[in-house]
Amino acid sequence: MRRGRRGRAVVAAVAAVAGVLALGGCGIRTTQVPVDAGAAPSRVPCEVSGESLTPQAQEQGVPVRVYLVCATRLVSVDRTAEISGSKAADSPLQFAQTVLDELLREPSSPEHEAGFTTFVRGPLLVNGARDGDPAGTLRLSRQPEDLPTPALAQIVCTLAESRAAGAGGGVVLGGPGDYAPRAYACSAFTKERPEGAVPTLSTLPSPGPSAS
């Protein structure tokens, strides 16, 4: 009896293996459980077409370039900003306020769709140098060191590469208090990692003429 049962078990096992081989030979594949790998990674273009520049150009509009944050990097965006006064565009102080106002603006719909954002929040005003400040100093209404690091990086790179810059390769910024201004640099690392510390220059320009 035991031998008979063993024999039948062996026959059944052989038949099962033969069935699997037969299915494979007929081209029938075993069903695999699908693996959910998640959605495909989205591509952030970080680029705005020329037709999307905002705000719309007006008679007294001037072209400006500001740095916004996109995909954890600083990326420049060209805009046309309204600036009041026929000679305002030639004033470094007025121009600095103009680009600062652009940084305070929320990105337009095309900019937002391209992945841009800004960390600069208001109110934020800019004033000229005080007596004894290095030439070209811009005094913000908030202490630069107290600003979020990405916001400071945006401001530094925007101003340093504009006509408002007063230091070679950087911009001298101070705050409303009695702290001495610092010359901030817009480095390649700052553009790649705006959340990191914004570097400062070791030398400052000589003091400018007394403020009127």
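Points to keep in mind about this one:
- Residue in region 96-103 that is farther than 30 Å from residue 203 by Cβ, in contact (Cβ under 8 Å) with a residue 12 or more places away in the chain and crowded, with 21+ Cβ neighbours inside 10 Å present: no
- Output for region 104-131, where each listed residue is under 30 Å from residue 203 (Cβ atoms) and open to solvent by 60 Å² or more (accessible area, probe 1.4 Å): 119, 125, 127, 130, 131
- Residues of region 137-168 classified as part of a loop (DSSP other than H, G, I, E, B), touching a helix residue (DSSP H, G or I) at 6+ places or on another chain (Cβ under 9 Å) and either over 22 Å from residue 63 (Cβ atoms) or of a type in the set (A, V, I, L, M, F, W, C) (or both), total: 3
- Enumeration of residues in region 150-189 that are in contact with a Gly (Cβ under 7 Å, 6 or more places away or on another chain) and among the β-branched types (Val, Ile, Thr): 172
The values are calculated or read from the model by the stated rules, or taken from the named source; none is laboratory data. Worth saying up front: this structure is predicted, and the values here are computed from it rather than measured. So basically every Cβ, Gly included, is an ideal-geometry build from the backbone, and we count neighbours across all protein chains shown. Ligands, DNA and RNA are excluded from the accessible area calculation, which covers all protein heavy atoms including side chains. Shrake-Rupley method; radii C 1.70, N 1.55, O 1.52, S 1.80 Å.
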